[in-house]
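The next block holds one structure in the form of C-alpha cells; read it before the comments.
The values are calculated or read from the model by the stated rules, or taken from the named source; none is laboratory data. Bear in mind the structure is a predicted one, so any value in this text is a computation, not a measurement. Cβ: placed from backbone, ideal geometry, glycine included. Neighbour counts: every protein chain shown.
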Amino acid sequence: MSYQIDAISKDFRDFELLEFERDFAKNCGKYSNTKQEFVDTFGYENQQHYNPYAFFKDSLEYKLDDHLIELREGNYKSIVKDLDKFLKQKNIDIDADSDDYLVLCRRFLLNRIDTFFSKLKIIDGECEETFKDESKPSDVLLNKFHQFENLQWDEVTFNIITNESIQITARGYKEEYSYQEIGFKDKRTSGKYSQLWNTLLLFGNLEGQIDWESSDKLRELKNIKKEVSDIGKKLRIFLGINDKPFYTYSKSRGYQTKFRFKDKR
C-alpha cells in the first residue's frame, strides 16, 4: 500500500499544480494589483520594487501559514474534501477509518504545502522544470521546534555564531542552523546568502532592534519594511509559530524582534 500512497499523493500534487497554472494563465489579470495599490501598502520608497502580484502572493503565503499550523496540530479537515474527490475521480476505494486514509490525509496536506512554494515561483515567471529538483518544504518542516505546542516568540533566543549560521534556543533545546537550512539562500547565485540574511544579522548585531535614535542603519535600509515582512514569513515557517516575530513598527521603537537576539561572533 505504501507505493500506492506515494503514487496517489504525487498525482495529487501534479494535479493541483496543473490546475493552478491553468487558472493563472487564464485569469492572471484578476489577481494583479496596480502600482498605486502597491505604493499605498509598501510605501513610496519601495516603488522600484513594484510587483503586480504582490497581494496575490501575500494571500498564498497566509494560506501556507494556515496549512503549516494544521500540519503541526494534526488537523486534516481542510484536505479531506479534496482527498475524497480525488480518490473518487481515480476510482480508488480506501476506508476513511483506516490508517492508510490518515496517512494519505497527512501526505496530501504535505503535498499541498509543497505546491504553495511552487505556485509562488510560477507567479514570478519560473517554469516548473526549473525548480523541480530544489529542496522540498519538508526539509524546512522537520525540526524540533515544530513539536513544541503553542511555542511563542518570547520563549525563543537567536544567537549569531558565524556569518553563515545562527543558533536557535527554546524550552531548553538548542540547535545551530545555516542560512540555507533556514531559507535564506540567494537563488540568483550559487552558495551565497541573500540580502535578507544580511538584514537579519544586522538585527542580531543590534540586539534585535533597529530604530532611528540608536542607529543610522535604518536610513540605509531603503527596503526595510518589505525585508522585515519577508524575514518574518521565513522565520514563522521555519519555527512553526503563527504569530509575527516582529513588533508592529513605531517611530519611537523602530523595528524590533519579539525574540531575544544576540551576536556571539
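In the stretch 117-124, the condition of being surrounded by 15 or more Cβ atoms within 10 Å (Cβ to Cβ), among the aromatic types (Phe, Trp, Tyr) and either at pLDDT 85 or above or over 30 Å from residue 39 (Cα atoms) (or both) is met by no residue. Only one of the numbered conditions (1) more than 30 Å from residue 91 (Cα to Cα); (2) assigned to a helix (DSSP H, G or I); (3) of a type outside the set (Ser, Thr, Tyr) is violated by residue 22, and that is (1). For the stretch 89-97, the count of residues that are modelled with pLDDT under 90, part of a helix (DSSP H, G or I) and either assigned by TED's automatic domain parsing to the domain that holds residue 123 or within 24 Å of residue 226 (Cα to Cα) (or both) is at least one. Evaluated against (1) in a helix (DSSP H, G or I); (2) exposed (fewer than 15 other Cβ atoms within 10 Å of the Cβ), residue 56 falls short on exactly one condition, (2).
Return yes or no: is residue 32 within 23 Å of the chain's Cα centre (by Cα), modelled with pLDDT of 90 or more, small (Gly, Ala, Ser) and assigned by TED's automatic domain parsing to the domain that holds residue 119? Spelling it out, residue 32 is indeed within 23 Å of the chain's Cα centre (by Cα), modelled with pLDDT of 90 or more, small (Gly, Ala, Ser) and assigned by TED's automatic domain parsing to the domain that holds residue 119.
Return the residues of the stretch 67-108 that are surrounded by 13 or more Cβ atoms within 10 Å (Cβ to Cβ) and polar (S, T, N, Q); say none if nothing qualifies. Of everything in the stretch 67-108, those that are surrounded by 13 or more Cβ atoms within 10 Å (Cβ to Cβ) and polar (S, T, N, Q) turn out to be 75, 78. Restricting to the stretch 130-165, count the residues that are under 18 Å from the mean Cα position of the chain (by Cα), among the polar types (S, T, N, Q) and at pLDDT 50 or above. Residues flagged as under 18 Å from the mean Cα position of the chain (by Cα), among the polar types (S, T, N, Q) and at pLDDT 50 or above within the stretch 130-165 amount to 3.
Residue 10: surrounded by fewer than 13 Cβ atoms within 10 Å (Cβ to Cβ), at pLDDT 90 or above and of a type in the set (Lys, Arg), yes or no? No.
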